[in-house]
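Participant: Pasting a structure below so you can have a look.
The values are calculated or read from the model by the stated rules, or taken from the named source; none is laboratory data. What you see is a predicted model; the values in this text were computed from it and never measured. Here the Cβ positions follow ideal geometry from the backbone for every residue, glycine too, while neighbour counts run over all protein chains shown. Areas reflect the complete protein model, heavy atoms only, side chains present, ligands, DNA and RNA absent. Shrake-Rupley method; radii C 1.70, N 1.55, O 1.52, S 1.80 Å.
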Amino acid sequence: MDIWPAIDLRHGKPVRLKQGDYNRETVFGDDPVEFALRWQAAGTRRLHLVDLDAAKGDDPTANREAVRRIVEATGLTCQMGGGVRDEAAIEILLDLGLNRLVVGSAALKRPDWFAEMCDRFPGRLAAGIDARDGMVATDGWLETSSTPAIDLARNLRQRTSNIAAVIYTDIAKDGMMSGPNFEGLAAMAAATDIPLVASGGVTTLDDVRQLVEMKMPAAIVGRSIYDGVMKLKDVLDVAGDLAS
């Protein structure tokens, strides 16, 4: 199972939010490159970045210098989500050296456009499907739609064969250190053949083992490795993803 350690960025600093709430923020330092290098030293081959400013609709350039520095300092495979809503943003962010971009709100609201972008940038765009009670949440998790998450995944798969992955996040679990929504992940995995990335609530090595047993292709780990509940090296080892 591929492991993606998360670095959430706000105002150029590494932070974590609880359940996507911007008022429940923990700042982990001044320089996100420090964390990127720390995760690289632990053996990761990839990083998952989130631009919280752009996701919220604030300054889309606030974190771009930090992203560029992370990519250049590590040379790791990096994907990023947050505020990817038009072709210009896609081109700018890919030019920073990012390998893959995660499109959230725009994939729900403009599925034809998203499918067109997937075909224009094959294998470079993933759908970020964030769910609250099984329904797709949008706009930095500030709004909840009436579309079931599984229906959106199926719909996107019908429109394009070039979608790279679905990053599926259960908002109720994100940052809460309570374990993933295994049932929701299993339902999503059964609903589509798009490679699935589990996100939200991966807290213990037993969580990681259960995802491996479910044959989950990939998982994002965040707060648990920042708080020291799990060591990233142990996570990578259990997942069979430790760089040699």
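Participant: Determine the distance separating the Cα centre of region 39-56 from the Cα centre of region 150-174; give it in Å without decimals.
Facilitator: 20 Å
Participant: Take every DSSP beta bridge with both residues inside region 1-145 and express the antiparallel ones as a percent of the total, to the nearest 5. Spell out each step's value before the answer.
Facilitator: Working: 12 of 27 bridges.
Given both bridge residues lie in region 1-145, the antiparallel proportion sits at roughly 45 percent.
Participant: Determine the share of region 177-233's accessible area contributed by carbon and sulfur atoms, expressed in whole percent, with a 1.4 angstrom probe.
Facilitator: The nonpolar share, carbon plus sulfur, comes to 51 percent.
Participant: Here's a follow-up. I'd like to know which of 118, 57, 189 lies farthest towards the positive end of the charge dipole of the chain, counting +1 on Cβ of Lys and Arg and -1 on Cβ of Asp and Glu.
Facilitator: The listed residue farthest towards the positive side: 189.
Participant: Accessible area per residue, 1.4 Å probe, Å², for the chain: what's the number?
Facilitator: Heavy-atom SASA per residue in the chain reads 41 Å².
Participant: Could you pull out every residue, at least 5 positions away or on a different chain, whose amide H is within less than 5 Å of the one on residue 131? Hs are placed 1.01 Å off N in the peptide plane, and Pro or chain starts have none.
Facilitator: HN-HN under 5 Å from residue 131: 137, 169, 170, 171.
Participant: In addition: Please compute the Kirkwood hydrodynamic radius of the chain from all pairs of different C-alpha atoms, in Å with one decimal.
Facilitator: 17.5 Å
Participant: Beyond 20 Å, what share of the Cα-Cα pairs of region 101-244 remains, rounded to the nearest whole percent?
Facilitator: Every Cα pair in region 101-244 considered, those over 20 Å come to 46 percent.
Participant: Using a basic spin-label model with each label point 7 Å from the Cα along Cα→Cβ, how many nm lie between residue 151 and residue 94?
Facilitator: 3.1 nm
Participant: While we're looking at this one, here's another question. Amide H neighbours of residue 201 under 5 Å, counting only residues 5+ apart in sequence or on other chains, H built in-plane at 1.01 Å?
Facilitator: For residue 201, whose amide H was placed from the backbone, the distant partners under 5 Å are 175, 176, 177.
Participant: Take the alpha-carbon centre of region 109-136, take the same for region 78-107, and report the distance between them in whole Å.
Facilitator: Each part reduced to its Cα centre gives a spacing of 11 Å.
Participant: From the helices alone, meaning DSSP H stretches of at least four residues, give me the mean residue ellipticity at 222 nm for the chain, per-run term -39500 (n - 2.57), in deg cm²/dmol to the nearest 500. Write down the numbers at each step before the final one.
Facilitator: On the way: 11 runs with 92 residues, N = 244.
The helix-only estimate for the chain comes to -10500 deg cm²/dmol at 222 nm.
Participant: Using DSSP, restrict attention to beta bridges with both residues in the chain and report what percent are antiparallel, rounded to the nearest 5. Each step should come with its number before you reach the end.
Facilitator: Details: 13 of 43 bridges.
Beta bridges within the chain, antiparallel portion: roughly 30 percent.
Participant: So, with a 1.4 angstrom probe, what is the percent of accessible area on region 33-83 that is carbon and sulfur?
Facilitator: C and S fraction of accessible area: 47 percent.
Participant: Too long at a 27 Å Cα-Cα cut-off: which of 109/233; 13/56; 13/215; 18/231; 18/109; 56/215?
Facilitator: Over 27 Å apart, Cα to Cα: 109/233; 13/215; 56/215.
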